[in-house]
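Asker: The structure follows.
FYI, it's all coordinate maths here, none of it is from the lab. Computed from a prediction, not measured in an experiment: that's the story for all the values here. Counting neighbours? That spans all protein chains shown, and the Cβs are built from the backbone with ideal geometry, glycine included.
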Amino acid sequence: MALSARQLKNQDYWQLKNECKKAGRLFEDPEFPAADESLFYSKVSTDKIEWKRPGELCDDPHLFVDGISHHDLHQGKLGNCWFVAACSCLALRKTLWEKVIPEWKKQEWDPKRPHRYAGIFHFQFWCLGNWVDVVIDDRLPSIDGNLIYCHSNMKNEFWSALLEKAYAKLAGSYEALDGGSTADAIVDFTGAVAESIDLSDTKYKANITAQTNLFEDLLKVYKRGGLICCHLKDASSRDMQAVNPMGLIKGHAYSVTGIKKVTLGEKTLCFGKTTKLFMIRMRNPWGHREWKGTWNDESEEWKKVSKSEKVKLGLTVRNDGEFWMTFEDWCNNFTHADVCRIINTSYLSRHKTWEKGEAQGKWTRDDDVLLNRSGGCFNNKSTFFQNPQYIFEVKKEDDEVLVSLQQEDQRIHKKFGKGDSFIIGFEILKVEQNRRYRIHKMQGQERAASPPYMNLRSIFLRKVLKKGRYVIIPTTFHSGVTCEFNLRLFTDEPSNFRELVKDKPSVSCWNIFFGYPKRVSQVLVASIEGVDPRTETEGADLYIVIKCENESVQSEVYKNTNTSAVIDMKAIFYRRRVNKPIAIQVWRRKIMSDQFLGQVLLAASPNDPVEEQSLQLHNKDGRATQEMPGRINVKVVSSDDLLDL
């Protein structure tokens, strides 16, 4: 077991196993007993279900027979095709399933030492940023000596049935697994970042460029160890599991087991390039019912593919639930795909390495507005900023940012009449360059990104952001909801991701000598115009410096600027000496010594106009009447309530 794994129900696998071996008995799990309460939360069994150990179901039980394969699994009576599809994906990646089934060789049956078998197993799942170790006994629900839920092709192979039982224990019961999301299960197996793609979008139906870009993206995900699944949405509950004319099942989850560019025709010395066809391989968790369209197992189109290419593809002509499709047919016949990316954060990899910021948080209720952390979505104007807030920086001019927000699994609450995921989302705001405290009011901040709010376990966003400082505010749609969450941020360079905890500067012994801030002022520099960079032909490199007491904030350098530039610079200051003005200066970057081009001084009083002002530049030697060429357009908002901005 990995050292970082947390034990579910405080059950220590090795301790329990040793106790059973010393006592000469097989393990019986008191936390998930062989009873109806572990099967159902809303009903009782009408069938004669017997809990049998593998040794009672066959003569030679094993975890794996001839290794692990995505062909092993078959869905049982439970409506959890989504879970079985996720297991099929998991079986494709040894590095991933070995985390879920830890030290599997030590858990395997040893026919030479049967006395060492204790009827106990353990599996690990990724839950809100932590691996959780789940212990189970080996008693499995059966009828007439056959497993009734997930089972393998081989009667004496039990890894899938035992994994399903551990997952059911995590969810509270087997019935709690009736209906769900393949992406959620894959995330629980791997800690991947799940992105949902709406294939019904017209751009994927008709736009070849969009299809090609999507194929290349999915091929890259697949080659780098990611897992992909899809489904065909049913129009109504009556359509659930109805089979369409092409053999696809509505409301049913499929796993993607291969993505390839297939070569058509034989390569010869006379002819150079051969035709490449974009293909994708699917598997139905039922183990039968396959695609009937072009490129199905018995399709005439396969005659265009060489024998060697068929061997590479592993083409089998049998009704095993696995089939190939062209990528175009896939886009036109499925409505949704879930792409689960294994984000690479290793510096030893030859592939792109991402920098990760991560936080485990919680939406909590409190009557004190400064302590409340469940303010609801942006529509709740009076409470929105009471949500948790996390700050980060984009250090490149443009950087692709990945954000994943996951709420805790609610299925454990199904037995109490709840269990549906909350509607969640998040806002990304571009804030002042020097912000260090929580936002309390939407004043000058820019809404940089906001994915749709959805009642899903995970919300994902991929967005290119400009250089600057940002705040992520994860929220539930409704205020007052309590729930734990995991927030992950991936950037190209370190982002200094952290939670904003303080509402304002802290009171300390230094305040005795220097005083405590009395006023907060926000400065927004929109643009400059008409400045004199004193150049002949080439543009100048200009930048802005805002000075307030002992703090100085500098903008980026705006290169090759003649007389005007859009600045869009924001800063915020907590001021002790309110009578000392804020200075906004314009400078030119030069090799030897930077050149001062003018400044404005602002009293920044709460009574000053809050509208944008166009102010004349002056010299900095104290002679306010000495004007310098150019104007600066600026907006300043001040308040003597430090919680006002």
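Asker: Hey, with R₀ at 25 Å, roughly what FRET efficiency would residue 336 and residue 298 work out to, going by the Cβ-Cβ distance, to 0.05? Walk me through the numbers on the way to the answer.
Answerer: Working: r = 28 Å, r/R0 = 1.12.
Step by step, r from the Cβ atoms, then E = 0.35.
Asker: Moving on. Hey, fewest Cβ within 10 Å first, where do 541, 29 land in order?
Answerer: On the way: 541 16, 29 20.
Listed from fewest to most nearby Cβ atoms, that is 541, 29.
Asker: So if I place +1 on the C-beta of Lys and Arg and -1 on the C-beta of Asp and Glu, and nothing else carries charge, what would the dipole magnitude of the chain be about its Cα centre? I want it in debye, nearest 20. Display every interim value, and only then the final one.
Answerer: Values: 93 positive and 86 negative charges, 233 e Å.
Value, rounded to 20: 1120 debye.
Asker: Would you mind pulling out the separation of the Cα centroids of region 108-160 and region 3-58, in Å?
Answerer: 10
Asker: Still on this model: Just name one of 135, 626, 567: the one whose Cα is farthest towards the positive end of the charge dipole of the chain (beta-carbon charges, Lys/Arg +1, Asp/Glu -1).
Answerer: The listed residue farthest towards the positive side: 626.
Asker: What nm value, rounded to one decimal, do you get for the distance between residue 345 and residue 579 when each label is placed 7 Å out toward the C-beta?
Answerer: The two pseudo-label positions are separated by 5.2 nm.
Asker: Convex hull over the Cα atoms of region 512-639, averaged projected area in nm²? The partial results should precede the final answer.
Answerer: Numbers: hull surface 34.0 nm².
With every direction weighted equally, the projected area is 8.5 nm².
Asker: Using θ = phi - 60° and the Karplus relation 6.51 cos²θ - 1.76 cosθ + 1.60, list the HN-Hα couplings for region 458-474 in order, rounded to whole Hz, with x at every Gly or Pro.
Answerer: Values per residue, Gly and Pro as x: 10, 10, 10, 9, 10, 8, 8, 10, 6, 4, x, 10, 9, 10, 9, 10, x Hz.
Asker: Among 142, 458, 639, 88, what is the fewest-to-most ranking by other Cβ atoms within 10 Å?
Answerer: Values: 142 20, 458 25, 639 16, 88 30.
The fewest-first ordering by Cβ neighbours comes to 639, 142, 458, 88.
Asker: Turning to a different aspect of this structure: Quick one: putting +1 on the C-beta of Lys and Arg, -1 on the C-beta of Asp and Glu, what dipole do you get for region 512-639 around its Cα centre, in Debye to the nearest 20?
Answerer: Values: 17 positive and 15 negative charges, 125 e Å.
Around 600 debye, computed over region 512-639.
Asker: Another one. What are the principal axis extents of the Cα atoms in the chain, in Å, biggest first?
Answerer: Over the chain, Cα extents along the principal axes are 99, 73, 48 Å.
Asker: Order 108-121, 575-588 from most to least packed using the mean count of other Cβ atoms within 10 Å. List each step's numbers first, then the result.
Answerer: Working: 108-121: 14.4, 575-588: 18.1.
Answer by packing, highest mean first, reads 575-588, 108-121.
Asker: With runs of 4+ DSSP H residues as the only contributors, calculate the mean residue ellipticity of the chain at 222 nm using -39,500 (n - 2.57) per run, divided by the residue total and rounded to the nearest 500. Intermediate values should be presented prior to the final figure.
Answerer: Details: 13 runs with 102 residues, N = 645.
Taken over the chain, the calculation gives -4000 deg cm²/dmol.
Asker: Please report how far the C-alpha centroid of region 544-570 lies from that of region 588-645, rounded to the nearest whole angstrom.
Answerer: Centre-to-centre (Cα) distance: 11 Å.
Asker: Please report the antiparallel percentage of DSSP beta bridges with both residues in region 6-190, rounded to the nearest 5. Could the numbers behind the result be given before it?
Answerer: Details: 15 of 18 bridges.
Of all bridge pairs located within region 6-190, approximately 85 percent are antiparallel.
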